[in-house]
Amino acid sequence: MTTPVTPPPVRSVFLAGPFLGLLDPATGEMPGDARAPFDILIKHFEAQGISVHNAHRREAWGARLMRPEECTRIDQDEIRRADAFVALPGAPASPGTHIEMGWASAFGKPIVLLLERGRDYTFLVQGLHTVATVEYVLHTDVAAALPAVDRALRRAVTRNGG
Ligand code: 5HM
């Protein structure tokens, strides 16, 4: 008799993605359409009881931007603490998110990358799955991709052994 594999529970995720490049120069804040994918993902995960660490929300979408000397260690610590790492690498690429993807993979975290269909991503993002547990979710709309994100998260965590 085979024992069904139950994925270990995901209690926390770190959600990364483009930030500085999305700030409106006039207001210093992310406009609504730039916030939407983060908002949608945060609400979706939290509705499942998953705690979400996200710098965009933490820094009030740009209104309370932290200094580099403040946010770097917090982000690294939170990625280390999180059960899984979820990112929108950005197109154009988000420099900070690319550093965070490097940390998450080096820490052995299960990783879910949301890639926009038709966009180009750098070779080391395309190839990250060869050195880390990565599930890619190709999408055109984050809200429509939520079921695929859930499946990818479960797969990544299960493959990574919890
Ligand atoms: O380079 P960019 O700003 O796109 O980097 C975004 C990533 O760096 C986010 O995932 C976020 O976790 C982190 N970050 C941060 O925590 C970035 C900035 C500004 O660059 C910030 N706090 N103020």
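FYI, it's all coordinate maths here, none of it is from the lab. What you are looking at is a predicted structure, and each value in this text was computed from that prediction instead of being measured. Note: ideal-geometry Cβ built from the backbone for every residue, glycine included; neighbour counts use all protein chains shown.
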Anisotropy class of region 33-72 from Cα gyration tensor, a/c 1.5 cut: oblate
Please determine, in degrees from 0 to 90 and to the nearest 10, the orientation of helix 146-159 with respect to the longest principal axis defined by the Cα atoms of the chain, where the helix direction is its Cα long axis. 60 degrees
Through the Karplus equation 6.51 cos²θ - 1.76 cosθ + 1.60, θ set to phi - 60°, convert the phi angles of region 133-143 into ³J(HN,Hα) values in whole Hz; use x for Gly and Pro. 7, 10, 10, 9, 10, 7, 8, 10, 8, 4, 4
Angle in degrees between helix 32-47 and the longest Cα principal axis of the chain, rounded to the nearest 10: 40 degrees
Highest first, please rank the peptides 136-142, 86-92 by the mean number of other Cβ atoms sitting within 10 Å of their residues. 86-92, 136-142
Per the Kirkwood formula on distinct C-alpha pairs, the Rh of the chain is how many angstrom? 16.1 Å
Which of the trypsin sites (Lys or Arg not before Pro) across region 32-105 are loop residues per DSSP, with 15 or fewer other Cβ within 10 Å? 64
By how many degrees, between 0 and 90 and to the nearest 10, does the Cα long axis of helix 95-106 differ from the longest principal axis of the chain? 20 degrees
Any chance you could check the Cα centroid distance between region 74-109 and region 6-58 for me, in angstrom? 13 Å
Only Cα pairs within less than 10 Å get springs; with that Gaussian network setup on the chain, which residue of 28, 118, 49 has the largest fluctuation? 118
